[in-house]
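Before any comments, here is the structure.
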C-alpha cells in the first residue's frame, strides 16, 4: 500500500508539473515571463522539500544547524509570497491567476508529501542497515577476500 502511495505521489508530481509547464509555455507571455514563473515554482518546490527534510533530520538527532531550517522555511515563504505578489500584479484574467496558483499549491503539497515519504523510506533503510550490521548471522556468514 505504501509503495502505491509513493508511486501515485510521484505520478501526481510529474503530471502536475507537466501540465503547469505546458500551460505556461502555451501562453502568450514573453519568454522571460514564462521562465520567471517556472523558476518561481521550482524555487518553492525545492525550498519546501529541503525545509521539511532538515526539520525531520534534526528531530532524528542529526546535527542540523538552525540556520538551515530557518533558511529553508524562509526561502519557502519568500518563494510563495514572491509568486503571489507577482501574480496579483499581473493583468491576467482571474481564471488564469487561479490556474497558476491552483497548480502551484498542488505541486507544493505533492512535494511536501513526497518529502515525508522520502524521509520515512530513508529512516527505514537506515534501520535495516543498522539491524543487519549487528545481527549475529551476518558475522557468521561473512567471508574474507
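Every number in this text was worked out from the coordinates using simple rules, so none of it is lab data. The structure presented is a predicted model; accordingly, all values stated were derived computationally and were not measured. In this analysis, Cβ positions are derived from the backbone assuming ideal geometry, glycine residues included, and neighbour counts consider all displayed protein chains.
Listed values, structure above:
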item: Subset of region 56-68 (residues that are assigned to a loop (DSSP other than H, G, I, E, B) and surrounded by fewer than 16 Cβ atoms within 10 Å (Cβ to Cβ)); result: 60, 61, 62, 63, 65
item: Tally, over region 22-38, of residues that are under 13 Å from residue 99 (Cβ atoms) and assigned to a helix (DSSP H, G or I); result: 4
item: Every residue from region 11-21 that is free of Cβ contacts under 8 Å to residues at least 24 places away in the same chain and closer than 16 Å to residue 98 by Cα; result: 21
item: Filtered residue count, region 73-97, keeping only those that are in contact (Cβ under 8 Å) with a residue 24 or more places away in the chain and assigned to a loop (DSSP other than H, G, I, E, B); result: 0
item: Number of the condition not met by residue 45 [criteria: (1) without any contact (Cβ under 8 Å) to a residue 12 or more places away in the chain; (2) in a helix (DSSP H, G or I)]; result: (1)
item: Positions within region 19-42 being exposed (fewer than 15 other Cβ atoms within 10 Å of the Cβ) and under 15 Å from the mean Cα position of the chain (by Cα), in sequence order; result: 39, 42
item: For residue 89: the one exception among (1) loosely packed, with under 14 Cβ neighbours inside 10 Å; (2) closer than 17 Å to residue 119 by Cα; result: (2)
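So that you can scan it fast, the table gives a plain yes or no per residue for (1) in a helix (DSSP H, G or I); (2) under 24 Å from residue 89 (Cβ atoms); (3) out of contact with any helix residue (DSSP H, G or I) (no Cβ under 6 Å at 6 or more places or on another chain):
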{"position": "41", "(1), (2), (3)": "yes, yes, no"}
{"position": "49", "(1), (2), (3)": "yes, no, no"}
{"position": "54", "(1), (2), (3)": "yes, no, no"}
{"position": "71", "(1), (2), (3)": "yes, no, yes"}
